[in-house]
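Any read-out appearing in this document is the output of simple, stated calculations on the displayed coordinates, not a laboratory observation. Model, not experiment: these values are computed from the prediction. No Cβ is skipped: glycine too gets one built from the backbone with ideal geometry, and neighbour counts run over all protein chains shown.
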Amino acid sequence: MRTRACTEPRRLCVLVTVRWRCWWWCGWAALLASGRADEACPQTCACTRDSATVSCLGDGGSGLPPHLPAWTSTLILRDRDITTLPGGAFTTEDGGELPAAFTLSLSANSIRVIEADAFAGLPHLRLLDLSHNRVERMSDGAFRGLRELRTLCLNETLAPEAAAAAELSAALAVGDLHNLHRLELTGNGLRGVPLARLDAFQQLHQLVLVNNSIRNLGRENVSVLERHRRTRVYLALNPFRCTCELEAFYWWLKNGSQCADATLLLCAEPESRRGLALEGLRPEDVDCLNENLEAVSYVFLGIVLALIGLVFLMVIYLNRGGIKRWLNNIREACRDQMEVYHYRYEQDSDPRLANVAV
């Protein structure tokens with residue numbers, strides 16, 4: 001009896017211990033399986049868990065990687081022959097967001113189209129680099145959802161068509177880029193500032209517009225920049241037209257320090273001022289009032305000369321009778337004089353008449 005009573009509790013203990021160990025091992029197996037799923041690296045990409053970096057270069061594949069690890073902090077896609085960025089292009093295997101992603105580099109690809117909500121899966125992105133692409137079409141909501149973006153690089157990104165620049169302006173206006181600090185737009189052939197409402201970018205500290213086709217910053221852009229004195233603008237290598245239309249921009253350069261590369265700005269037009277530094281121009285060179293007065297003076301001189309000519313013609317017309325008699329008198333006098341000369345010539349030419357005269 002004692003033996004049977006002792007053996008029953010032992011069996012129970014053994015059974016409980018076995019079950020507990022089973023659950024423990026199953027839990028570890030599930031944890032390891034989930035860890036492996038999270039750490040899965042896309043094919044043709046190189047993943048570094050320590051720095052949370054995923055690099056997908058063109059020599060190993062093309063297109064967007066299908067799924068990305070949830071721990072991705074820095075994503076580099078380069079030379080991948082990516083033509084379109086569709087909505088929700090950057091998600092995890094289960095279609096979720098990438099909450100740890102802070103940096104995304106898409107430079108040197110073949111991106112031509114950016115659709116709406118293309119970066120919706122990157123709510124905490126801080127740096128986005130789309131440089132060296134040929135974007136032809138950009139949706140209004142291309143940058144929607146990037147509320148924490150600090151730096152946006154779009155150097156040599158736009159196709160040369162004017163429509164691309166207009167679509168960029170609309171995309172920047174609609175996007176949630178309220179915390180943007182630096183915007184780079186070098187080498188895009190822009191003819192003006194693509195920010196229709198600069199007031200919407202209260203945190204913008206640096207605006208890089210180097211090597212574009214800007215001839216002048218209009219009075220409206222200058223007045224907006226004066227209200228946002230914290231914004232530093234870079235404008236070197238633009239073909240400025242140094243006429244009186246540059247007056248507002250000229251005085252903005254002279255009286256402020258917002259243009260960080262003001263000493264590098266040169267005139268491209270007109271030909272007489274090509275290569276001259278904008279800061280070296282004289283105030284009268286861009287004074288529209290002086291040019292207008294000079295033009296008015298030439299017009300006034302022409303009007304005066306025309307009036308004098310008209311008066312002269314009127315005087316001739318009113319005295320046409322006297323002028324006609326005067327001309328007839330001169331003609332008669334000339335005729336009498338010519339007859340005298342003719343008579344003397346005949347006498348001198350005949351020797352008999354000369355002897356008679358003697």
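So if R0 is 56 Å, what FRET efficiency would W71 and L276 give, r being the distance between their Cβ atoms, rounded to the nearest 0.05?
Values: r = 56 Å, r/R0 = 0.99.
That gives a FRET efficiency of 0.50.
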Practice prompt. Please turn the phi angles of region 258-270 into ³J(HN,Hα) values with the Karplus equation 6.51 cos²θ - 1.76 cosθ + 1.60 (θ = phi - 60°), one per residue in order, whole Hz, x for glycine and proline.
Written response: 6, 7, 5, 10, 4, 5, 9, 7, 10, 7, 10, 9, x
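Restricting everything to alpha-carbon atoms, can you work out Rg to Rh for region 42-287 with a Kirkwood hydrodynamic radius?
That ratio is 1.04, to two decimals.
Using 0.36 nm per residue of separation minus the Cα-Cα distance, give me the extension gain between L327 and R137 in nm, one decimal. Display every interim value, and only then the final one.
Working: separation 190, 0.36 × 190 = 68.40 nm, distance 8.13 nm.
Value of the extension gain: 60.3 nm.
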Worksheet item: Whose amide H sits under 5 Å from the amide H of R134, counting only residues 5 or more places off or on another chain, with H placed in the peptide plane?
Response: I111
Worksheet item: How much length is gained on full extension from R230 to D59, taking 0.36 nm per residue of separation minus their Cα-Cα distance?
Response: 57.3 nm
Worksheet item: Contour minus end-to-end for T44 and L127, with contour as 0.36 nm per residue of separation and end-to-end as the Cα-Cα distance?
Response: 27.5 nm
Worksheet item: How would you classify region 160-252 from its alpha-carbon gyration tensor, with a ≥ b ≥ c the square roots of the eigenvalues: rounded for a/c under 1.5, else prolate if a/b is greater than b/c, otherwise oblate?
Response: oblate
